[in-house]
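Right, one structure below, let's go through it.
The values are calculated or read from the model by the stated rules, or taken from the named source; none is laboratory data. Quick caveat: nothing in here was measured; it's all calculated off a predicted structure. Don't worry about glycine lacking a Cβ; one is built from the backbone with ideal geometry, like all the others, and counts go over all protein chains shown. To get the accessible areas, we keep the full protein, side chains included, count just its heavy atoms, and leave off ligands, DNA and RNA. Shrake-Rupley method; radii C 1.70, N 1.55, O 1.52, S 1.80 Å.
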Amino acid sequence: MIFHKPLPQYYSKKDFALGTWVNVKVAGNKINSEKLADIAFDEMKRIERKFSKNIKGSVIWELNEKRSIIADKETLFLMKAAINYADLTGGAFDPAIGALVKLWGFDDMNSPKRVPSKDEINNALKGISYKFIKIEGNKISLLNDETMIDLGGIAKGYAVDMAINKIKSLDPKATGFIDAGGDIGIIGPKFNRFPWVIGIRDPDGNPYDIKLQIYLKEGAIVTSGNYERYFEKDGVRYHHLIDPKTGYPANFYKSVSIISDSAMKADAMSTAIFILGDKLPDIDSMMQYDIQIYGITSDNKIIKTTGFDYYLKK
């Protein structure tokens with residue numbers, strides 16, 4: 001008689017965290033699946049409490065208020081990572097963009113959205129540069145009175161990575177995925193064998209219209225799109241992906257999806273490449289950073305790295 005090991009039983013939990021709806025689907029090998037999902041949410045909410053600029057007493061709230069803090073190892077790691085991605089992308093990704101995000105009303109879902117005046121944007125731009133962040137030992141300081149830190153372009157991906165690390169440290173053979181509003185990290189292959197099928201949304205459709213499907217057994221995929229957070233004024237769509245150089249939303253792309261080994265890297269790079277737009281003529285040059293790119297431009301052209309097609313196969 002042949003005994004087959006039973007297939008893993010997946011448990012799904014959906015809750016609001018990190019400013020979006022998060023879905024954790026996980027099957028434990030030695031730990032109860034429901035418990036693992038709770039552990040993942042506990043970790044993501046811990047990171048949100050620690051790094052959200054909108055939560056009074058958070059590390060970023062303290063830094064923006066006091067202009068200088070003594071930071072722990074995790075804060076130093078995340079801030080140095082943010083500065084590294086800013087440096088790598090010539091400031092297209094910039095953690096010092098907080099004043100602009102607030103000016104447009106994208107700092108909080110309840111903030112009134114509006115198109116700022118040119119003077120307001122020019123004033124805000126004076127404090128927008130990651131080079132105004134100084135790290136000496138464990139001290140982080142802001143060198144410009146106008147600078148406000150916003151880690152929204154990296155913290156969600158970091159939270160997904162950390163939740164997966166937490167699960168794997170407790171149950172190395174657990175499988176599943178975490179989807180935090182378009183930031184998707186793979187815990188392990190479906191039934192330990194198969195890739196997860198992930199849809200990239202059609203930016204012109206409703207949330208369930210899929211442009212194409214990709215297949216992932218590991219790593220992460222993050223999409224930045226002009227349909228995520230936006231408002232319309234006089235027939236023009238204004239979205240939250242603001243160019244730190246101009247102060248206005250970048251409009252070369254409708255969406256950019258990045259496949260990478262980590263959700264944090266994919267998060268930062270999807271923002272940066274969306275903002276860089278046609279200023280990045282050779283998209284394949286970005287593969288040196290171990291990322292694959294799929295972009296849909298404002299005139300519906302597809303721009304992708306040569307390695308992206310690998311993930312279109314089952």
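Of note:
- Here the stretch 195-253 and the stretch 97-176 have alpha carbon centers that stand 18 Å from each other.
- Relative contact order for the chain, counting Cα pairs under 8 Å that sit 6 or more residues apart, in percent: 16 percent
- Here the spin labels are modelled as points 7 Å beyond Cα on the Cα-Cβ line, and at residue 279 and residue 261 they lie 2.8 nm apart.
- Long pairs among 168/245; 139/173; 45/113, criterion Cα-Cα beyond 28 Å: 168/245; 139/173
- Length available on full extension from residue 236 to residue 46: 0.36 nm per residue minus the Cα-Cα distance, which gives 64.7 nm.
- Across the accessible surface of the stretch 183-312, with the other protein chains kept in place and a 1.4 Å probe, carbon and sulfur atoms take up 48 percent.
- Tensor-based shape of the stretch 78-166 (alpha-carbon gyration tensor, a/c under 1.5 rounded, otherwise prolate or oblate): oblate
- Contour excess over end-to-end distance, with Cα ends at residue 248 and residue 111 and 0.36 nm allotted per residue: 47.6 nm
- Potential lengthening between residue 77 and residue 299 on full extension [0.36 nm per residue; Cα-Cα distance subtracted]: 76.1 nm
- Positive-end extreme of charge dipole, the chain - chosen from 117, 262, 286 (charges on Cβ): 262
- Modelled FRET efficiency - R0 30 Å, residue 212 with residue 131, Cβ distances, 0.05 increments: 0.20
- Per-residue SASA entry for residue 66, accessible area with 1.4 Å probe, Å² rounded to 10: 130 Å²
- When the Cα convex hull of the chain is projected onto planes of every orientation, the mean area is 17.4 nm².
- For residue 46, solvent-accessible area (1.4 Å; no DNA, RNA or ligand), Å²: 70 Å²
- GNM top mover of 167, 69, 178 - the chain, alpha-carbon springs below 10 Å: 69
- In this Cβ point-charge picture (+1 for Lys and Arg, -1 for Asp and Glu), the chain has a dipole of about 780 debye about its Cα centre.
- Long-range HN-HN contacts of residue 148 with modeled amide H, under 5 Å: 98, 99
- Taking the convex hull of Cα positions in the stretch 1-156, its mean projected area over all directions (nm²): 12.7 nm²
- Pairs of Cα atoms in the stretch 137-228 fall into 10 Å distance bins, from 0 up to the last occupied one, in shares of 14, 35, 27, 16, 7, 0 percent.
- The stretch 208-252: chymotrypsin sites (Phe, Trp or Tyr not before Pro) in DSSP loop, at most 15 other beta carbons within 10 Å: 208
- Max mean-square fluctuation residue, GNM over the chain, Cα-Cα springs under 10 Å, options 47, 39, 187: 39
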